Structure formats: C-alpha cells, structure tokens
Amino acid sequence: MKILHVITSLLTGGAEKLVVDLVPKLTEMGHQVDVAVFNATNMPLKKQLKERCPQCKVFELGRSFYSIKYIWELRKIMRDYDIVHTHNSSPQLFAALANIGLQKILVTTEHSTNNRKREHTLFHAFDKWMYRHYNRTICISHIAREKLLTYLRWKLDDDRVVTINNGVEVGAFHSAAPATDQDLGFSRSDRFVTVMVAGFRDAKDQDTVVKAMSMLPEDQYELWLVGVGVRMDYVKDLVKTLDLEKRVHFLGLRSDVPNVLKAADVVVMSSHWEGLSLSNVEGMSVGKPFIASNVNGLKEVTDGYGLLFPHEDAQALVSIIKKLHDDEAFYNEVADRCYKRAQEYDLSKTVQGYDKVYRECGF
C-alpha cells in the first residue's frame, strides 16, 4: 500500500512521536509510507525519521499550522497514494476537503480526549461533516473513543471508530544507558530527581510539579522538565518566583529521552487531560516508578501499576515523591509493576493494529 501521513509538525509531541515510530515499522512490512508536514519551520524529529527510514519522503507544505493553500497542495500530493492518514485538527479538515472528488481512503487518529474545538458549538457541524468522510477513525484509548462518539452523537457501537492504544519500543527504553553529565549539560547532584517529559501547552500541568518541588527539601530533591512550548516562559517565571532556579532544570527538546528518563529516579506526568500519553508508557518502560495526575487518558494506564495523585494537588504529589524516596522496597515494587504494565503497550501491537485497519479499508 502507498500511505501518506499528514501532520501539523514534526516537533516533539505524542502525535509526532507516533508517526515517527510507525513509519519505519510499516515500511518494514512492505508499505510505502511518506509524510506531509504543515509547519516545517522547526522539525527536530525529521532527522530521527530519516535516519530510521531513509526512503520516506517528507513533504514540507509551509511555515504555519493553518493555511488554506494546504488544501490544494494536499490534493496534488494525495493523488499518488492509496490511503491518507491524518493527525491533529487542521490536517483532518484540510485532507477531507482535498479529498472531494479524489475518493481516497481516509483514516485519522484521535490523539486526545478533548480539544478546544469541542467547547464551541460552531465547530460541531463542521466536525460531524468531517468525521463522516473518514473511512476509519482510530482513537488511542477507550476513553478517547467514548468521548469522541459522545461529542459527535454517534452510537457507541459505531464500527467506523476503533481503539488502538499507542505504543513504544519498550525494549529500547528499558535497555537505554543513563544520560551522562555531558549529555545533560550540567553536573548531576546527589538529589532525588523527578523528570517530566511534555510540551509546554494547555493540556499539560508542569505548574503543579514545580509547586510540589517548592515543598520538598532543597538539599534532597530536584526536577527536570523536558520539552518546549508556548507556556514555557510562564513556567520559568513560576520557577523564579518560587526561588527554584538552582534545582529545576529545563532540558528543552531532546533526541535522547530514554537516556534522560534512565538518569532520573522518578517519572511524572501532570496533565489536565490526555488521550493516551506516550510519555506515560515511555516512563513505565525504563523501569522507574511512574506518577500521574488522576485524569482521563492517564488513569487508565496508570491505575493499579503506577501512582495517581488528584488533579492539581501539589501536596499529594509531594507525599508520593517522599515515600518513593524514603521507602526502597516500595520504590522497587512500583517500578516493577510499571515495567510489566509497559509491556502491554509495546509498539509492535500498535503497528499490527494500524496495518489491520488499512487492510480492512479495502486492501
């Protein structure tokens, strides 16, 4: 099959990481898989994609996330493919419009349980039209599927909408070597390190983790924040206000996330909402205790394996981090449970699920 994935960018994020992981694996299965990117101004994951899959073409459509001209650009590119697979809101809509008259098979992945569009009734009619033009919609968790069907007012047994959990290469994360001081760009102290890997955007809640750090003893605990985004300056100001600059490190965009996770003691994901967080599974894969806020998209994977704290409750997070620091047996028990849970979300299962959907759509 000739498959085109269409995505807003190749910045760091769950959707982008999934595409970069899927393309080489699907190519190994005999498919021709290429990628069209809307905003090509900064693509840290492009190098990784080309290293892993040199034959993959990357079409760079422009320098923004939204431009009406992308409809015509997509239409020209889509003619050469059997299946067009979109990720994120603007590619979903623009590919559906570009497909009018082409009649290509359309597949999309729903990466979250919520987005800002759903809060405005104006978008509801457009979304109902758009999703009807997709042969399959893949949701990355059961709760994401349920939320989407409820929003669209479709029956819960509608077989056009399926669930395929996101996955990661668990073995690669588990066997990664810890990042060195040279890799990190600073000398690691003897403090107990909590790390969070996430873009600084509306869905993420680095604020609560920073506030928790301010309640922990200065000589014993530090925090690493990996990622970039529109809220980064706000979080940096919060760190400065709380006088945490000496023990909160901003690591920016990283191509060595498994190594960074391995060098930390605890992995946390604090969010306001999620679909199914790849950072969740990645954190569990390295064999470290994983802590998550008790919200949709995180609790489904974490509950009973890692540790949950109430949404935005910094004091509860403090108690969990301290217990993991103080109780070695508890630390090891949680770490073991997390690693076993991660193995249920290995990337091979995700790839098989996507290949099955493509074949069910007519190939």
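The values are calculated or read from the model by the stated rules, or taken from the named source; none is laboratory data. Just so it is clear, the structure is predicted and the values come from calculations on it, not from any experiment. Note that each Cβ is placed from the backbone with ideal geometry, even for glycine, and that neighbours are counted across all protein chains shown. Calculation scope for accessible area: heavy atoms of the full protein, side chains included, ligands and nucleic acids excluded. Shrake-Rupley method; radii C 1.70, N 1.55, O 1.52, S 1.80 Å.
The relative contact order of the chain comes to 15 percent, based on Cα pairs under 8 Å that sit 6 or more residues apart. Just the protein heavy atoms count here, and of the accessible area of region 36-76 at 1.4 Å, carbon and sulfur take up 54 percent. Calculated accessible area for the chain comes out at 43 Å² per residue, all protein chains present (probe 1.4 Å; ligands, DNA, RNA ignored).
Per-residue SASA remark: residue 333, around 90 Å² accessible (1.4 Å probe; ligands, DNA and RNA not included).
Using only the alpha-carbon atoms of region 210-363 as identical scatterers, what base-10 log of I(q)/I(0) does the Debye formula give at q = 0.10, 0.13, 0.14, 0.20 Å⁻¹? Reported log10 I(q)/I(0), two decimals: -0.40, -0.65, -0.74, -1.41. In a shell of Cβ-Cβ distance under 13 Å around residue 344, excluding residue 344 itself, what net charge do Lys and Arg (+1) and Asp and Glu (-1) give? Within the 13 Å Cβ shell, the charges total +2. Sites listed here are trypsin sites (Lys or Arg not before Pro) in region 48-95 whose DSSP assignment is loop and whose Cβ has at most 14 other Cβ atoms within 10 Å: 57, 79. For region 171-292, the fraction of C-alpha pairs farther apart than 21 angstrom is 33 percent. A DSSP coil position with no more than 16 other Cβ atoms inside 10 Å describes the following chymotrypsin sites (Phe, Trp or Tyr not before Pro) in region 17-86: 65, 66.
Taken about its Cα centre, the chain carries a charge dipole of about 1560 debye when Lys and Arg each add +1 at the Cβ and Asp and Glu each add -1 at the Cβ. Over every Cα atom in region 1-53, the radius of gyration and the widest Cα-Cα span, Dmax, amount to 10.4, 31 Å. In region 109-156, Rg over Rh equals 0.92, where Rg is the alpha-carbon radius of gyration and Rh the Kirkwood radius from pairwise Cα distances. First compute the accessible area of region 286-329 with a 1.4 Å probe, then give the percent of it belonging to carbon and sulfur atoms. Result for region 286-329: 42 percent of the exposed heavy-atom area is carbon or sulfur.
Both radii come from the Cα set of region 281-331: Rg as radius of gyration, Rh as Kirkwood radius; their ratio Rg/Rh reads 0.95.
Dividing the Cα radius of gyration of region 62-123 by 2.2 N^0.38 Å, with N the residue count, gives 1.18. Roughly what % of Cα-Cα distances in region 134-221 sit above 20 Å, to the whole percent? Tail fraction, whole percent: 64.
Histogrammed with a bin width of 10 Å, the alpha carbon distances of the chain distribute as 5, 24, 33, 24, 11, 2, 0 percent, first bin at zero.
In this Cβ point-charge picture (+1 for Lys and Arg, -1 for Asp and Glu), region 1-125 has a dipole of about 240 debye about its Cα centre.
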